[in-house]
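Here, each number is a calculation from the coordinates, and none is a lab measurement. In this text the structure is predicted, and so the values were computed from the model without any measurement. Positions of Cβ are backbone-derived with ideal geometry, glycine not excepted, and every protein chain shown enters the neighbour counts.
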Amino acid sequence: MEITQHILFNLSLLIILSFIGLIWFERKRNLTVSKWEAYIGLVLLILVTFLFSYQPTPTHYFDLRLIPVLIGGLYLGIGPILCLTVIIIRGFYGINFGFYATFVLYLPLALLLWKLYPWFWKQISNKRIYISVLVTFILSFFTAVALQISNPPINTFDAWFAYLTIPATGLGIISYLTEFVRNNIQMRQTIVKSEKLHAVEQMGAAISHEIRNPLTAAMGFVQLLMSNNLPRHKQKEYLTIIKEELSSAEQVIRDYLTFSKPALETVEILQIKRELQQVISILRPTANQNSVEVITNFALIGSIEGDRQKFHQCFINVMKNAIEAMPGGGRLYVETGFERSNVSIIIRDTGMGMTKEQIERLGEPYYSTKGPKGTGLGMMVVYSIVKAMNGTIRVTSTVGDGTEFTFQFPSVLSIDDPNT
């Protein structure tokens, strides 16, 4: 069984190299391969089969060159050029009976693969595997017949067994691997597309819900204003409410745009203590209304580079969420720390806290710990702004004991810092 052993060794090399090629293809970013790339790879496989072929006589070579040709012809449509390549390579080994046999076999095969390729791809995945095996078996049969006609001094049973079983089995394995990788890629692309569409749908629903509420209220007060018998003070009151509702809708749109385009519009040096004091002054009425005491502990110095408006927007969202997490009152701690390389900002509350699963989902575009009352846009914007300012966020929380946000930003020197 010397021929069978050599053919099996040939097959082992082809399967290993084909498997490496499929892994490379699966990990490509664009998941496409040009026909020239495929042709070069398959020619290398053909050369390997020739280099490790079994040669019992000077005119006969036993190998599996048929497998790369069929893979390229059936799956990639480059069968004719591969057949021509095999004929040319065989010519370098001598113009003898083996060369003419190769010519007679592979020239009609080129035409067959050219005609078979469009029909082959119309079949389902499993059927393509069966067709590949059947075509390989038929061609291997003709190869064995040609060897029998040439009457080489070899073991006839060994040759027939090797050519009727190993090539068809080998192509079946490689074809199955190819279909498996292809189906896996298609499934992964479908899942990714589905997730993207789901995210867009959820985002659209969240934004639509948030914008529709203030617009509905504004339209209602516009209808009231259309009545001519309203007193002057009522008209002014309604106009104020309309303005507030429209501002609320504008804020939702601004949050979404900040997430989709987190780049900073204007970059300047921000003195952390001063900016946080302004944010706290804006939120002071809300904190008082919720019986929340704001306790600060600022480092003397600490400056970063960033967009002042987006910095305020970021920490207004965080502190507002912290205040809302303490409906029965509590304490909001705002602290800063300074090191030569970075500035840290710590926002800590004594509210309801979050579970580990809730922390992991913070920043998702449609996830909110407020249930139906929230859209997740606020924290989504926070993460986008911090990322745009080269910062990081670390969140720790215990249910019932509150939540702590730790922000770190690259530190810069500022003439406004008292110690610089």
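Could you tell me which trypsin sites (Lys or Arg not before Pro) in the stretch 298-342 are loop residues by DSSP with no more than 14 other beta carbons within 10 angstrom of their beta carbon?
Answer by residue number: R340.
Please identify every one of the GluC sites (Glu not before Pro) in the stretch 296-341 that sits in a loop by DSSP and has no more than 16 other beta carbons within 10 Å of its own beta carbon.
Qualifying residues, ordered by number: E339.
Which pairs in the list K35/K122; K127/K193; K320/K387; K273/K356 are over 22 Å apart, alpha-carbon to alpha-carbon?
From the list (K35/K122; K127/K193; K320/K387; K273/K356), the Cα-Cα distance tops 22 Å for K127/K193; K273/K356.
Quick check: pseudo-label points 7 Å beyond the Cα along Cα→Cβ at R361 and Q278, how many nm apart are they?
It works out to 3.5 nm between the two label points.
Length gain on complete extension for the stretch L300 to N183, per 0.36 nm per residue less the alpha carbon to alpha carbon distance?
Answer, rounded to one decimal: 36.1 nm.
Which chymotrypsin sites (Phe, Trp or Tyr not before Pro) in the stretch 76-143 pass both tests, a DSSP loop state and at most 13 other beta-carbon atoms within 10 Å?
F92, W121
At q = 0.18 Å⁻¹, what is the base-10 log of I(q)/I(0) for the stretch 60-184 according to the Debye formula with one equal point scatterer per Cα and no solvent? Please give it to two decimals.
-0.96
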